[in-house]
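The values are calculated or read from the model by the stated rules, or taken from the named source; none is laboratory data. Remember, predicted model here, so these are calculated numbers, not experimental data. All Cβ positions, even for glycine, are placed from backbone atoms using ideal geometry, and neighbour counts span all protein chains on display. Protein only, heavy atoms only, side chains kept; ligands, DNA and RNA dropped before computing areas. Shrake-Rupley method; radii C 1.70, N 1.55, O 1.52, S 1.80 Å.
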Amino acid sequence: MQQNKIEADYTEKSSDKIPKDLIISQSVEAGSKVAQNTQISFVISTGKAVIVPNFSTMTKEEAAAQTDLAVTVKPQYSSTVAYGKLISQSVPAGRQFTDEPAKVTVIYSEGRPYIDDLVGKSEKELPAYFYEFTGKGANITYSVTYVDSGEPKGQVVCASLYNQYMEMNTHVEIQVSRGNL
């Protein structure tokens, strides 16, 4: 275009029909004769756009089933957001992706943390059990006290909380058998 002294101006736009880097439209019809120093505008395709949906209208299963996006679904405990509802999404709804991979992390509520009855469990199961809470955003801690008991050594014989929902910041006291009676 430089040799013909024509000025070109390029803009980009997504297109479901026109492949990436091809012309969607131009201001002067192809094959037309133009005067020197004519300004011609071209609209270039960036390819098909993937539009990020509003994940608050979906279940976590529906979010995970998205095929046009790389969606990571994470569960998190919440005392303010109901079970199964969206807490947040890393990319706002309506954002378009064309060139870059469309990666979105969505966080859905697990509701408030619930503690089972730990009596009869082995002490060695406790770290993994409580990690489940902290791994999902709840600050649930525990401490162990060893007590005289006829139950097998290392078995939980009592817990300060059981079979109930807990607050997000809770401490649980657990008694574990010494197995000496």
Practice task
Report whether or not residue 56 is out of contact with any Pro (no Cβ under 8 Å at 6 or more places or on another chain), assigned to a helix (DSSP H, G or I) and open to solvent by 60 Å² or more (accessible area, probe 1.4 Å).
Solution key: yes
Fill in the blank from the handout: Going through (1) farther than 16 Å from residue 171 by Cα; (2) surrounded by fewer than 14 Cβ atoms within 10 Å (Cβ to Cβ); (3) of a type in the set (D, E, K, R) one by one, residue 116 fails only at (1)
Fill in the blank from the handout: The condition from (1) closer than 23 Å to residue 49 by Cβ; (2) assigned to a strand (DSSP E or B) that residue 107 misses is numbered (1)
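Within the stretch 59-103, restricting attention to residues that are small (Gly, Ala, Ser) and part of a helix (DSSP H, G or I), which residue is least open to solvent (accessible area, probe 1.4 Å)?
Quick first cut of the stretch 59-103, residues small (Gly, Ala, Ser) only: 63-65, 70, 78-79, 82, 84, 88, 90, 93-94, 102.
From the residues that got through so far, the ones that are part of a helix (DSSP H, G or I) too are 63-64.
Working: 63: 0, 64: 62 Å².
Across the stretch 59-103, the extreme among qualifying residues is 63.
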Handout entry: Pair list, Cβ < 7 Å and 6+ apart or interchain, from the stretch 34-52 residues that are under 30 Å from residue 89 (Cα atoms) to residues that are assigned to a strand (DSSP E or B) and open to solvent by less than 30 Å² (accessible area, probe 1.4 Å)
Key = 49/97; 50/97; 52/104
